[in-house]
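What follows is one structure encoded as structure tokens, with my remarks underneath.
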Amino acid sequence: MPQSSPPHRAKDTRRWSQRERARDLLAKEVGYVRKPHGGRLRVALAFPNTYFVGMSNLGFQTVYSLFNAEEGIVCERTFLPPKTELEELRASKAALVTLESQTLVREFDIFALSVSFEWDYTNVLTMLRLAGIPLRAADRTAHDPIVMIGGAVTFVNPEPLALFADIIAAGEGEVLIPPLVKAFREASDRDDLLRRLVAERGFYVPSFYDVKYADNGTIERFVVKEGTTAPATVKKAALRTADAAEPPATKIFTPETEFGSRFLIEIVRGCANLCRFCWAGYNYLPVRAFPKDRILELARQAKSHSNRAGLVSIALCDHPDIEEILTSLVEMGYSISPASLRLDDLTPTILRLLRASGERTITIAPETGSDRLRRVINKTMTNDEILAAADLIFSTGFDNLKLYFMIGIPTEIDEDLVAIRDLTMQLRDIMLTHARPRGQVGRIVGSVNPLVPKPGTAYQWLPMEDDTSIERKIRRMHSLMADIDNVYFNIKSERHSFYQALLSLGDRRVAPAIEAAERNGGNWRAAVKEAGIDADFYVFRDRSGDGVLPWDIIDGGMKDSFFRAEADKAMKAEWTLPPKRQQENARLLAMLHEN
Ligand code: SF4
């Protein structure tokens, strides 16, 4: 595509200070890429949060390496400046630059944002504003970069960001980048590029669709605009198999980030457990294991930069060679931090290897305290199994246990909240039994979050539990968990979850509220009022009668009939047992092969 020049270059007196800061950060990094720009497609890749947060995000690092692995692309990073620098930048009206060459972001061909969390939506707008790019796609011209939004949240429900994106990349970077590069090479102009991309799997151009609403405010249908040749729904792009794929791993090491110089690596993608609330479980299917030899080779190469390996996978032990991988990492001298472990991951060998690597805390997610409620959400473990696992954990020498719980689950009653306390007390007893002879008592740290029904799950039609009821439950949890020695609980507020739910479940009509929240510094109550949005409509409404849901524009591969059957079984507290899960996994795999 011919490259257009910006109409003018602003005289930028404060760019030197951004440049100094960029050089400071680069001086502490190992592994960044510098390429000449001439003749290459230029991508400014943004993480809509600070450098400190973004550089510990494996998805962001992976997209950076995937782009730069292409000879014809130069990809440079840019981040939301930390608070004081942000204020300085705003006051000086200086424009955002990239880290590697400190070039103005608005001079790039593509401004790609990797979005992992709903709370970063306002930061997306702040970064567009700082870069000097119009916030709405409709206001951009041929002189502006193409704004492409990707990342985990966008292939679950991209609609709240639809009006800000020229393109939404729905799916996994490994599959999306090659057709993007090809389309850019062949396109004659911006419109031609968008037309070429919609012919490819995973590229959603929101401006190619009108949304028709019914009188009751629900979506009647997405209408493809005439002459655009956009598909009726956009199929998510995913790797068919990871057998020969390069495992995503930290390529740039820096001490200036949340996880320090930890070597992050993805071992296996997906989880076949299909818990009914879990968007990650449903959206990263089928389960795909990365090649063991490559994982170990990358770990060997990274050893001179890091002593700590962070294994990024939601179901680590679904990798057939996990014990061999852990053994080799321990032999290389790594201490190993797994993400949360599934209960069936906790074999004696795996725990022994993790302990031998120096790990002192294990994280598990019982989600609820009662077996009945665990059948409602399809978490296929029982309290007896959790207690047996805790015995194994503490007898292996671990000091601490981290637990994740949810409240506001359908059919939940007060006994279920009491059950969270009772289960925690039993776990504490086990911890004390093993800790006292050693003379060192650790702690149990619990985290309690109100359930936010997520798009692309069996709970996608559910309203969130109403605020009075959830506030009562939060108060009850505070009183149940107060003043227990060696037990610390963090219980999230209802309001926090309410606005997160609005951003999760919203459609493109929510965009003015995001704009207002960005302008007013994150006061969501005022933003929703200013934008005239009925937030309760999105959060507290039963959607089971809706013809079309906002996120139906992306076809993630799961069938509605499957989700509806799972939702019915939830109300009857019935599990969907593993063989069914395996079949569902096999069906998804077959579907990916067909397409
Ligand atoms: S086990 Fe964990 S990752 Fe897997 S589906 Fe359930 S909640 Fe999601």
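The values are calculated or read from the model by the stated rules, or taken from the named source; none is laboratory data. This one's a predicted model, so the numbers in the text were calculated from it and none came from an experiment. Every residue, glycine as well, gets a Cβ built from its backbone with ideal geometry; the counts of neighbours run over all protein chains shown. Protein only, heavy atoms only, side chains kept; ligands, DNA and RNA dropped before computing areas. Shrake-Rupley method; radii C 1.70, N 1.55, O 1.52, S 1.80 Å.
Here is how the numbers come out for the structure above:
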| item | result |
| --- | --- |
| Boolean, Ile322 is within 16 Å of the ligand (Cβ to nearest atom), open to solvent by less than 50 Å² (accessible area, probe 1.4 Å), over 30 Å from Ser544 (Cβ atoms) and touching a Pro at 6+ places or on another chain (Cβ under 9 Å) | no |
| Any hit, the stretch 486-509, residues being aliphatic (A, V, I, L, M) and either within 30 Å of Thr361 (Cα to Cα) or loosely packed, with under 15 Cβ neighbours inside 10 Å (or both) | yes |
| Breaking point among (1) more than 16 Å from the ligand (Cβ to nearest atom); (2) open to solvent by 10 Å² or more (accessible area, probe 1.4 Å); (3) outside any strand (DSSP E or B), for Ala299 | (2) |
| In the stretch 196-230, the residues that are in contact with a Lys or Arg (Cβ under 6 Å, 6 or more places away or on another chain), acidic (Asp, Glu) and part of a loop (DSSP other than H, G, I, E, B) | none |
| Residues located in the stretch 361-407, provided they are part of a loop (DSSP other than H, G, I, E, B), out of contact with any strand residue (DSSP E or B) (no Cβ under 6 Å at 6 or more places or on another chain) and under 30 Å from Asn307 (Cα atoms) | Thr396, Gly397, Asp399 |
| Single condition Ala570 does not satisfy, out of (1) crowded, with 18+ Cβ neighbours inside 10 Å; (2) touching a strand residue (DSSP E or B) at 6+ places or on another chain (Cβ under 8 Å) | (2) |
| Count of the stretch 333-345 residues which are open to solvent by 40 Å² or more (accessible area, probe 1.4 Å) and among the hydrophobic types (A, V, I, L, M, F, W, C) | 1 |
| Total residues in the stretch 495-516, condition touching a residue at least 40 places away in the same chain (Cβ under 8 Å) and more than 21 Å from the chain's Cα centre (by Cα) | 1 |
| Hits in the stretch 436-454 (condition: farther than 15 Å from Ile484 by Cβ, of a type in the set (D, E, K, R) and surrounded by fewer than 19 Cβ atoms within 10 Å (Cβ to Cβ)) | Arg436, Arg438 |
| Enumeration of residues in the stretch 127-152 that are assigned to a helix (DSSP H, G or I) and open to solvent by less than 10 Å² (accessible area, probe 1.4 Å) | Met127, Leu128, Ala131 |
| Close pairs (8 angstrom Cβ cut-off, 6 or more residues apart or separate chains): more than 19 Å from Val445 (Cα to Cα) and open to solvent by 10 Å² or more (accessible area, probe 1.4 Å) in the stretch 355-380, within 16 Å of the ligand (Cβ to nearest atom) and of a type in the set (S, T, N, Q) anywhere | Asp371/Thr382; Lys379/Asn273; Lys379/Thr368; Thr380/Asn273 |
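To keep it simple, each residue is scored yes or no on (1) closer than 21 Å to Ala249 by Cβ; (2) at pLDDT 95 or above; (3) out of contact with any helix residue (DSSP H, G or I) (no Cβ under 9 Å at 6 or more places or on another chain).
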position	(1), (2), (3)
Tyr32	yes, yes, no
Lys35	yes, yes, no
Ala44	no, yes, no
Phe47	yes, yes, no
Phe60	yes, yes, no
Tyr64	yes, yes, yes
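Okay, residues lined up against (1) under 21 Å from Val487 (Cα atoms); (2) more than 16 Å from the ligand (Cβ to nearest atom):
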residue: Met332; (1), (2): no, yes
residue: Thr363; (1), (2): yes, no
residue: Leu373; (1), (2): no, no
residue: Tyr404; (1), (2): yes, no
residue: Ile409; (1), (2): no, no
residue: Glu412; (1), (2): no, yes
residue: His434; (1), (2): yes, yes
